[in-house]
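A.B. asks: One structure, pasted below without further comment.
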Number of protein chains: 2
Amino acid sequence: MAKLIIDAMGGDNGSRAVVEAIISYLNKKPDTLFTVVGKKEELEDLKDKVTIIDARDVVPMEAGALEVMRMKESSMYKAIALYKEGGYDGVASCGSTGAFLSLATIILKNIPGIKRSALVAPFPTKIKNKYVIVLDAGASNENSPEEMVQFAIMGRYYYQAVYDKAEPSVYLLSNGVEEHKGSPNGQQAYKLLKEKKLPWFKGNIEARYVCNGDADVVVTDGYTGNIFVKSSEGMAKLVGGMTKSIFKKNLFSRLGYLFVRNGVKEMAEMMDYRSTGGALFLGINGNVMKIHGNADSYCFESGIKCLDKLVQGRVTDKIKEALKNE
Amino acid sequence: MAKLIIDAMGGDNGSRAVVEAIISYLNKKPDTLFTVVGKKEELEDLKDKVTIIDARDVVPMEAGALEVMRMKESSMYKAIALYKEGGYDGVASCGSTGAFLSLATIILKNIPGIKRSALVAPFPTKIKNKYVIVLDAGASNENSPEEMVQFAIMGRYYYQAVYDKAEPSVYLLSNGVEEHKGSPNGQQAYKLLKEKKLPWFKGNIEARYVCNGDADVVVTDGYTGNIFVKSSEGMAKLVGGMTKSIFKKNLFSRLGYLFVRNGVKEMAEMMDYRSTGGALFLGINGNVMKIHGNADSYCFESGIKCLDKLVQGRVTDKIKEALKNE
C-alpha cells in the first residue's frame, strides 16, 4: 500500500484529468492512500476518497527556480513541502518540468553523493513488450563524465525495478561503437565506466540501434538526451501520420484498414508515450514523478502506476545503498 | 553537361552497383561525361561509355587520415587527385566517409574562409515532397559557434540549389525555442546569427519539430547532428518494421494490404534514404559527394543525380561569392 501525494494543478488539461485518473486508479488499487493538493472546489469528486489539501496558486509553465520557491501557496510547492515532512512514499505532478525539478532539488535535495538528477525516458523496441530507457532525457543541459557514470548506476536500478529484469545491459549513447568515439565528456565517461570493470557496462551504442532490443539502459548527457528523445518522437509522429493518411485515402483503403485494425491498435499502444505516464527524477532524495504536461486521465493514471511501481521496487533506497558501496 | 569522376570501389555492394548506376544514368542523361576509377577488370561493361582509370588498391573502411594519404594507388586517392588537377565538375565515392573527408580536406582544401566542412542529411517532412536538410550530420565531432554560423550560410545555398526554393528558412537545432536554450556553443551561434540580422534566420527549433515542414535548413554541431540523424533513422525503421509486420500477420491482413498498396509504396519512397543517394561535403573547395556506403545501384544513381544538380546549381561557387561579401 503506497501513500502518494498528487499535485492536481498545472497540467494542460486541468485538474479534471487528474481527478479522473485518481478515481480510476482507486477502482483498481483501492488500498492506495492519496493526498491531493489543488483548488479544493475542483477536487469535489474526490472528497470521500482522498485527503484534499487546498492550494490557491498554480505554478505557471515558464516559472523560474527563484519564482517557484517564492510561491509557497502553490499546489506544487505545498505538495513537495508535504512530502519533505515525511510519512509519504512519493509525489507526482504534471506541472512545469523546470519548476518541479527546481523545487524537488532545493527542498528534497539529491541522494547523498549524487551530483545531478536525471529524467528517464522509456522507448519501445523491435522486441514486443520490451522497452529501453534513455537518461538523462533533458533534466540538465550539460553533464560531466562523473554524472554520466552515476546515471548508468541509477538507470540500472530503475530498469530492474520497473521492468523486472535482473541483469539489464547498460550502454553509452555515441556516434560510433569504438571507445574513442563520442562527445568529449562521453569519451571520458566511457573510460571511467571501463575502469570500474562493471560487467553490465556494454560500451557505446549508436543512436540508430537504441531501439533494436539489445540495450536496456542508454546513458547520455541531458542536452543530447533531449535531442534523441525529441527527434525519435518527431519521426514516430511523422511516420504514424503518414500511415494514418494512407488508410484514410479512399474507400478501398478504409476497407483495408478493417483487415489490420487490431495490429494497428496494438502498435499504437506500444508507441503511445501516454502509456508510461512520465518519468522519475532519478537521483532526487525521494520518489518524485514528473507526469507529461499534456497528460489526459489515461496518461496521468499510467504515471501514478509507474510511481507506485518505483515505490514498491524501492529504487531510490537501492540507489542509496549502492552508493555506499561505491 | 557535367564531367564527373566516380570512385567505383569501397562500397558494401562492390563495384557492380556502381557500374549499373552509371549505365542507368547515361541512359537518362547521355551527355554526362564520366571518368571512373577502380579495378579495370571490374569495369569492363563501362569501357565503351566512359573513361576508365585503373587503380589497384581499395581504401579499407577503417582507414585513418594518415593511412589513406599514403595509399596513392587507391581508387579514392586517384579520384580526388585527378579532380584536383582540374577540368572536372565533381567527384563521388561510396567508400569510407572518414577517409574520403580526410583526402578531400587535405588535397582539395576547404573553400577559403570556411573553417570546417559539413555533411548534409535530407529528411522527409509532413508536407508531401518537401524535404528539410540537417547539417552538420556528422563530419565533425565538435563545432565552434563560428563554424555553425558558416553551416547556416552554406546550408541555405545548398537548399536553394537542390530544392529550388528562393528563400529557405534556417533554424538552429536546440532543446527549446527560447534564445537561452541550447548547448553552450549553440547559444553562442544563436547570438552571432542574431547579430548579423539575417532575415532568413528564424531562431531555435526543437528536434521534435524538424520534420514538421516549417524548416528548410536546420543547423547543429556534428556530434548532435549524428545523434539526430541516427535516432530518426532508427525510429523510422522501428515504426516501418512494425507496420510491415502488421500486414504480414495473417491472411486477412495480407488482404488488407492489397487495398493500401499504393499508399504504402508512396510512403516507402518518401522515407527511402536511398532516394537521396548521399550528401555533399559542404565547404570543401569543390563538389565532393559522399554516397551511402551500402548503396545499391538505385541509391548510387540518386547520388550521381544529386551531385549533378549541385554542379548545375553552382552551390560551391555561390558559397565562395557569398563569403566575399561577409
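Each value in this text was obtained by applying a stated rule to the coordinates, not by laboratory testing. Note that the coordinates shown come from a computational prediction; the quantities given were computed from them, not determined experimentally. Cβ placement follows ideal geometry from the backbone for every residue including glycine, while neighbour counts extend to all protein chains displayed.
A.B. asks: Once the piece of chain linking A:Arg314 and A:Met61 is laid out straight, how much longer is it, given 0.36 nm per residue of separation minus the C-alpha distance between them?
C.D. replies: The A:Arg314-A:Met61 span can extend by a further 88.0 nm.
A.B. asks: Also, quick follow-up: Explain nothing, just the number: dipole magnitude of the stretch A:103-164 about its Cα centre with +1 on each Lys and Arg Cβ and -1 on each Asp and Glu Cβ, in debye rounded to the nearest 20.
C.D. replies: Magnitude of the dipole: close to 240 debye.
A.B. asks: What FRET efficiency would be calculated for the residue pair A:Phe252, B:Asp12, taking the C-beta separation as r and a Förster radius of 30 Å, to the nearest 0.05?
C.D. replies: Once the sixth-power term is evaluated, E becomes 0.20.
A.B. asks: Oh, and also: Using amide H atoms built in the peptide plane, which far-off residues or other-chain residues are under 5 Å from B:Ile284 H to H?
C.D. replies: B:Ile111, B:Ala118
A.B. asks: For A:Glu195, which inter-copy label distances result when the label point lies 7 Å beyond Cα on the Cα-to-Cβ vector, reported in nm to one decimal and in ascending order?
C.D. replies: 3.8
A.B. asks: At 7 angstrom along the Cα-to-beta-carbon line, where would the label on A:Ala322 sit relative to the other copies? Give the distances in nm, shortest first.
C.D. replies: Label point to label point, same position, other copies: 4.8 nm.
A.B. asks: Sticking with this structure for a sec: Any idea what log10 I(q)/I(0) is at q = 0.14, 0.21, 0.22, 0.29 Å⁻¹ for the stretch B:184-249, Debye with uniform C-alpha scatterers and no solvent?
C.D. replies: Taking Cα atoms of the stretch B:184-249 as identical point scatterers yields -0.57, -0.96, -1.02, -1.29.
A.B. asks: P(r) tail for the protein assembly as shown, what percent of Cα pairs lie past 33 Å?
C.D. replies: When every Cα pair of the protein assembly as shown is considered, 52 percent fall beyond 33 Å.
A.B. asks: Okay, next question. Find the Rg to Rh ratio for chain A, where Rh is the Kirkwood radius over alpha-carbon pairs and Rg uses the same atoms.
C.D. replies: My calculation puts Rg/Rh at 0.99.
A.B. asks: Cross-link candidates for B:Lys72: which aspartates and glutamates have Cα within less than 12 Å, leaving aside residues fewer than 8 places away along the same chain?
C.D. replies: Excluding near neighbours in sequence, the set is B:Asp57.
A.B. asks: Going by amide H atoms built from the backbone, whose H comes under 5 Å of the H on A:Asp296, apart from near neighbours?
C.D. replies: none
A.B. asks: What trypsin sites (Lys or Arg not before Pro) does the stretch B:71-122 have in DSSP loop regions with at most 16 other beta carbons within 10 Å?
C.D. replies: Counting only loop positions with at most 16 other Cβ atoms within 10 Å, the trypsin sites (Lys or Arg not before Pro) in the stretch B:71-122 are B:Lys72, B:Lys109, B:Lys115.
A.B. asks: While we're on this one: FRET efficiency for A:Glu266 and A:Lys109, Cβ-Cβ distance as r, R0 = 35 Å, nearest 0.05?
C.D. replies: Taking R0 as 35 Å, the efficiency between A:Glu266 and A:Lys109 is 0.25.
A.B. asks: May I pose another question? For chain B, what is the charge dipole size about the Cα centre, in debye to the nearest 20, if Lys and Arg each add +1 at the Cβ and Asp and Glu each add -1 at the Cβ?
C.D. replies: 720
A.B. asks: Same structure, new question: Would you mind checking the pairs A:Lys128/A:Lys320; A:Lys128/B:Lys265; B:Lys109/B:Lys230; A:Lys165/B:Lys230 and listing those with alpha carbons more than 30 angstrom apart?
C.D. replies: Listed pairs above 30 Å: A:Lys128/A:Lys320.
A.B. asks: For the stretch B:181-321, what is the convex hull volume of its Cα atoms per residue in Å³?
C.D. replies: Residue-normalised Cα hull volume stands at 160 Å³.
A.B. asks: Ok, one more. Place the label 7 angstrom along Cα→C-beta at B:Lys265 and in each other copy, then list the distances from the first to the rest in nm, shortest first.
C.D. replies: 3.1
A.B. asks: Then there's this: In deg cm²/dmol, rounded to 500, what helix-only [θ] at 222 nm does chain A give when every DSSP H run of at least 4 residues adds -39500 (n - 2.57) and the total is split over its residues?
C.D. replies: -14000 deg cm²/dmol
A.B. asks: Another one. Looking at the stretch B:216-308, which trypsin sites (Lys or Arg not before Pro) are in a loop (DSSP not H, G, I, E or B) and have at most 12 other Cβ atoms within 10 Å?
C.D. replies: Hits after loop and neighbour filter: B:Lys248.
A.B. asks: Here's another thing I want to ask about it. Under the classification rounded if a/c is under 1.5, otherwise prolate if a/b is larger than b/c and oblate if not, where does the stretch A:1-151 fall, given a ≥ b ≥ c as square roots of the Cα gyration tensor eigenvalues?
C.D. replies: oblate
A.B. asks: Now for a separate question. Give the long-range amide H neighbours of A:Ser169: residues separated by 5 or more places, or on another chain, with amide H under 5 Å away, using H modelled in the peptide plane at 1.01 Å from N.
C.D. replies: Residues meeting the criterion, in which the H sits 1.01 Å from N, are A:Asp216, A:Val217.
A.B. asks: So if R0 is 51 Å, what FRET efficiency would A:Glu321 and B:Asp45 give, r being the distance between their Cβ atoms, rounded to the nearest 0.05?
C.D. replies: That pair, A:Glu321 with B:Asp45, gives E of 0.15.
A.B. asks: Please go through the residue pairs B:Lys130/B:Lys318; B:Lys47/B:Lys318; A:Lys3/A:Lys324; A:Lys47/A:Lys237 and name each one whose alpha carbons sit more than 31 Å apart in this structure.
C.D. replies: Over 31 Å Cα-Cα: B:Lys47/B:Lys318; A:Lys47/A:Lys237.
A.B. asks: Could you run the Karplus curve 6.51 cos²θ - 1.76 cosθ + 1.60 with θ = phi - 60° over the stretch B:131-139 and give me ³J(HN,Hα) per residue in whole Hz, x for Gly and Pro?
C.D. replies: The phi angles translate into 10, 10, 10, 10, 8, 7, 8, x, 5 Hz.
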